[in-house]
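Structure record follows, encoded as structure tokens.
The values are calculated or read from the model by the stated rules, or taken from the named source; none is laboratory data. All values reported here derive from a predicted model rather than from experimental measurement. Backbone-built Cβ (ideal geometry, glycine too); neighbour counts: all protein chains shown.
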Amino acid sequence: MTGAGVSAASGVPTFRGPEGLWRSFRPEDLATPSAFERDPALVWEWYAWRRAKVASCQPNAAHEVLARWSQHESTQVRVVTQNVDDLHLRAGTRDLIRLHGSLWEIKCFNGCAAGVRAWRDEVLTVTERLPRCPHCGGLARPAVVWFGESLDAADVARASQAASCDVFLTVGTSAIVYPAAGFARIAQARGAFIAEINLEQTPASAFADAAVLGAAEDVLPTLDQLLAAG
Ligand code: OAD
């Protein structure tokens, strides 16, 4: 289970902490359905700004190690992420589960039947002509999970299945946003060994079997080398 800390070394801002997005922006102005209803142009501007930021970033060593692990047939590693930047995908992660959606996909804001399925959209600048749903002509919105919204049930089911595992790593997440934060406990109840990698202690540190204080982009490559050495 990864969070914003995994992309920090790539230059993508995290949400919490001194430099976090939620220090400078109020979620209720930008990341809720009612914010979009009130001022879709403002919300689109914020997402275009985030897209432009991510577009100039590259996956780092943490993404690369996880991608390689996900490609091994024998190890059966599944990556579940809260990140919407798609850097895991760009690193080549297989069968990625994106619990909070993607910055690079949009869907119909009205929720029309054909427009609920997200489609790719990589536009970096907002014009007066905001993105529209090709099916009903209504406004299109970023296909990310906003505050007060439910996660996609199929993604939750896949994450839950992935939480039936031997080892559960929680990496670079403050472990406070549910339901994502709950999967480590679920995995532990099913017998998994829980290891956390984070620069600081989080609520998960208290019940993790191992809490490694360190940067994901350093610790994961070290772990990879140790595993390769047997
Ligand atoms: P946060 O910003 O809440 O937490 C980032 C975590 O990464 C913190 O615990 C940092 O200590 C840690 N961290 C920072 N740099 C790191 C590094 N190089 N290596 C390891 N750890 C590092 O981000 P998330 O936990 O991902 O939701 O936030 C969860 C959700 O809250 C997000 O997905 C977003 C937000 O509101 C939605 O957009 C729905």
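Report the residue count in segment 82-118 for those that are surrounded by 15 or more Cβ atoms within 10 Å (Cβ to Cβ) and not in a loop (DSSP other than H, G, I, E, B).
15
Cβ-Cβ under 8 Å, sequence separation 6+ or interchain: first residue in segment 121-137 and without any contact (Cβ under 8 Å) to a residue 60 or more places away in the chain, partner part of a loop (DSSP other than H, G, I, E, B). Which pairs?
Asp121/Pro131; Arg132/Gly138; Cys133/Phe109; Cys133/Asn110; Cys133/Cys112; His135/Cys112; Cys136/Asn110; Cys136/Cys112
Of everything in segment 134-148 that's part of a strand (DSSP E or B) and within 16 Å of the ligand (Cβ to nearest atom), which residue is farthest from the chain's Cα centre (by Cα)? Even if it seems obvious, please write down each step before you answer.
Applying the first criterion (part of a strand (DSSP E or B)) to segment 134-148 yields 139-144.
Next, only the ones that are within 16 Å of the ligand (Cβ to nearest atom) stay: 141-144.
Working: Arg141: 18, Pro142: 14, Ala143: 12, Val144: 10 Å.
My answer is Arg141.
Across segment 119-133, which residue is farthest from Ser56 (Cα to Cα) among those that are surrounded by 14 or more Cβ atoms within 10 Å (Cβ to Cβ) and among the charged types (D, E, K, R)?
My answer is Arg132.
Can you tell me which condition Arg185 does not meet? The list is (1) under 21 Å from Arg98 (Cα atoms); (2) within 13 Å of the ligand (Cβ to nearest atom); (3) of a type in the set (D, E, K, R), and all the others hold.
For Arg185, the exception is condition (2).
Looking only at residues that are near the ligand (Cβ under 7 Å from one of its atoms) and in a helix (DSSP H, G or I) in segment 1-17, which one is surrounded by the most Cβ atoms within 10 Å (Cβ to Cβ)?
Initial filter on segment 1-17 (near the ligand (Cβ under 7 Å from one of its atoms)): 3-6, 8-9, 14-17.
Those still in the list that are in a helix (DSSP H, G or I) too: 5-6, 8.
Numbers: Gly5: 26, Val6: 31, Ala8: 20.
Top of the filtered list is Val6.
When only residues in segment 18-33 that are closer than 19 Å to Cys57 by Cβ and small (Gly, Ala, Ser) count, which is farthest from the ligand (Cβ to nearest atom)?
Only one residue fits best here, namely Ser24.
So, Ala229, is that one more than 16 Å from the ligand (Cβ to nearest atom), within 18 Å of Val65 (Cα to Cα), exposed (fewer than 14 other Cβ atoms within 10 Å of the Cβ) and not polar (S, T, N, Q) or not? Can you show your working first?
On the way: more than 16 Å from the ligand (Cβ to nearest atom): yes; within 18 Å of Val65 (Cα to Cα): yes; exposed (fewer than 14 other Cβ atoms within 10 Å of the Cβ): yes; not polar (S, T, N, Q): yes.
Answer is yes for this residue.
Which residue is farthest from Ala211 (Cα to Cα), if the candidates are limited to segment 154-175 and must be among the hydrophobic types (A, V, I, L, M, F, W, C) and away from the ligand (no atom under 16 Å from the Cβ)? Let's see the steps before the verdict.
Let us first name the residues in segment 154-175 that are among the hydrophobic types (A, V, I, L, M, F, W, C), namely 154, 156-157, 159, 162-163, 165, 167-169, 171, 175.
Adding the requirement that they be away from the ligand (no atom under 16 Å from the Cβ) leaves 154, 157, 162-163, 165, 167.
Working: Ala154: 30, Ala157: 26, Ala162: 21, Ala163: 18, Cys165: 18, Val167: 13 Å.
For segment 154-175, the residue satisfying everything is Ala154.
Report yes if Arg68 is free of Cβ contacts under 8 Å to residues at least 12 places away in the same chain and either more than 10 Å from the ligand (Cβ to nearest atom) or surrounded by fewer than 18 Cβ atoms within 10 Å (Cβ to Cβ) (or both), otherwise no. Can you show your working first?
Numbers: free of Cβ contacts under 8 Å to residues at least 12 places away in the same chain: no; either more than 10 Å from the ligand (Cβ to nearest atom) or surrounded by fewer than 18 Cβ atoms within 10 Å (Cβ to Cβ) (or both): yes.
No: the conditions fail for Arg68.
Filter segment 18-36 down to the residues that are among the small types (Gly, Ala, Ser) and either in a helix (DSSP H, G or I) or touching a residue at least 60 places away in the same chain (Cβ under 8 Å) (or both) and list them by number. Even if it seems obvious, please write down each step before you answer.
The first filter runs over segment 18-36 and keeps only residues among the small types (Gly, Ala, Ser), leaving 20, 24, 31, 34-35.
Scanning segment 18-36 gives Ser24, Ala31, Ser34, Ala35.
List the number of the failed condition for Ser74; all other conditions in (1) at pLDDT below 95; (2) closer than 30 Å to Gln201 by Cβ; (3) not in a helix (DSSP H, G or I) hold.
With (1) at pLDDT below 95; (2) closer than 30 Å to Gln201 by Cβ; (3) not in a helix (DSSP H, G or I) applied to Ser74, the lone miss is (2).
Does Asp218 satisfy being over 27 Å from Asp39 (Cα atoms), within 15 Å of the ligand (Cβ to nearest atom), modelled with pLDDT of 95 or more and among the acidic types (Asp, Glu)?
Numbers: over 27 Å from Asp39 (Cα atoms): yes; within 15 Å of the ligand (Cβ to nearest atom): yes; modelled with pLDDT of 95 or more: yes; among the acidic types (Asp, Glu): yes.
Considered against the rule, which asks whether it is over 27 Å from Asp39 (Cα atoms), within 15 Å of the ligand (Cβ to nearest atom), modelled with pLDDT of 95 or more and among the acidic types (Asp, Glu), Asp218 comes out as yes.
Considering only segment 188-215, state which residues are away from the ligand (no atom under 12 Å from the Cβ), assigned to a helix (DSSP H, G or I) and aliphatic (A, V, I, L, M). Can you show your working first?
Residues of segment 188-215 away from the ligand (no atom under 12 Å from the Cβ): 188-195, 206-210.
Checking which are assigned to a helix (DSSP H, G or I) leaves us with 188-189, 206.
Of everything in segment 188-215, those that are away from the ligand (no atom under 12 Å from the Cβ), assigned to a helix (DSSP H, G or I) and aliphatic (A, V, I, L, M) turn out to be Ala189, Ala206.
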